[in-house]
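The values are calculated or read from the model by the stated rules, or taken from the named source; none is laboratory data. Here the structure is a predicted model, which is why all the values come from computation and not from measurement. Cβ: placed from backbone, ideal geometry, glycine included. Neighbour counts: every protein chain shown. In case anyone asks, the SASA skips ligands and DNA or RNA and just uses the protein heavy atoms, side chains included. Shrake-Rupley method; radii C 1.70, N 1.55, O 1.52, S 1.80 Å.
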Amino acid sequence: MKDLSQIIMLEKDRIVNILLVEDDEVDIMNVERAFKRADIKNPLFIARNGIEALIMLRGGDENLLGVPNERRLILLDINMPKMSGLEFLQTIRADKELKLTPVVMLTTSNQDKDMIEAFDLNVAGYLLKPMTFSKFVELMTTLTKYWSSSEMPN
């Protein structure tokens with residue numbers, strides 16, 4: 001039988017540090033509301049474009065909080081200013097420190113060319129943003145349950 005400290009350590013080990021890379025404020029609010037509604041405890045970090053996301057993944061700076069190196073998951077939009085989601089994906093896949101970080105596309109783009117390019121860059125999934133908030137909550141719940149129970153590279 002495990003004592004309480006072992007259980008707490010196991011639960012801590014299952015936390016996933018989620019970086020949402022999204023420029024649309026309404027979509028950011030939907031993810032935050034979905035996390036709250038579904039009582040998702042995983043830390044959620046927000047980057048409003050790919051450049052901010054790279055800074056956060058590389059430790060942050062005076063303006064942006066760094067994302068912990070352990071058990072990371074990136075939720076990535078495609079259509080963003082400064083650096084598109086696919087450009088960001090190309091950049092992290094070419095970076096020896098970041099290339100194994102799991103990325104799930106969370107986008108409105110159902111264009112085959114975007115999906116093919118994303119999978120060519122080894123995304124872990126390609127999800128279309130649901131039209132209703134209740135479906136969004138379902139999607140966030142399923143996604144976080146899956147990644148919380150998955151083995152992940154550090």
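Quick notes
- Counting only residues that are assigned to a loop (DSSP other than H, G, I, E, B) and either buried (at least 21 other Cβ atoms within 10 Å of the Cβ) or modelled with pLDDT of 95 or more (or both), the range 77-91 holds 3 of them.
- Residue that is nearest to Met83 (Cα to Cα), among those in the range 12-28 that are open to solvent by 20 Å² or more (accessible area, probe 1.4 Å) and at pLDDT 50 or above: Asp23
- Looking at Leu139, Leu121, Leu127, Leu98, just one residue is open to solvent by less than 80 Å² (accessible area, probe 1.4 Å) and either under 14 Å from Ala38 (Cβ atoms) or touching a residue at least 60 places away in the same chain (Cβ under 8 Å) (or both), and that residue is Leu139.
- Tabulated pairs, the range 103-115, first open to solvent by less than 70 Å² (accessible area, probe 1.4 Å), second in a strand (DSSP E or B) and among the aliphatic types (A, V, I, L, M), C-beta under 6 angstrom, 6+ apart or interchain: Val103/Ile74; Val103/Leu76; Val104/Leu75; Met105/Leu76; Leu106/Leu75; Leu106/Leu127
- Residue that is nearest to Asn79 (Cα to Cα) [pool: residues in the range 142-154 that are loosely packed, with under 14 Cβ neighbours inside 10 Å and not acidic (Asp, Glu)]: Thr142
- Filter pass, Ala47 being modelled with pLDDT of 95 or more, of a type outside the set (Val, Ile, Thr) and within 23 Å of Thr144 (Cβ to Cβ): yes
- Identity of the residue in the range 53-76, open to solvent by 50 Å² or more (accessible area, probe 1.4 Å) and not in a loop (DSSP other than H, G, I, E, B), that ends up farthest from Met105 (Cα to Cα): Leu65
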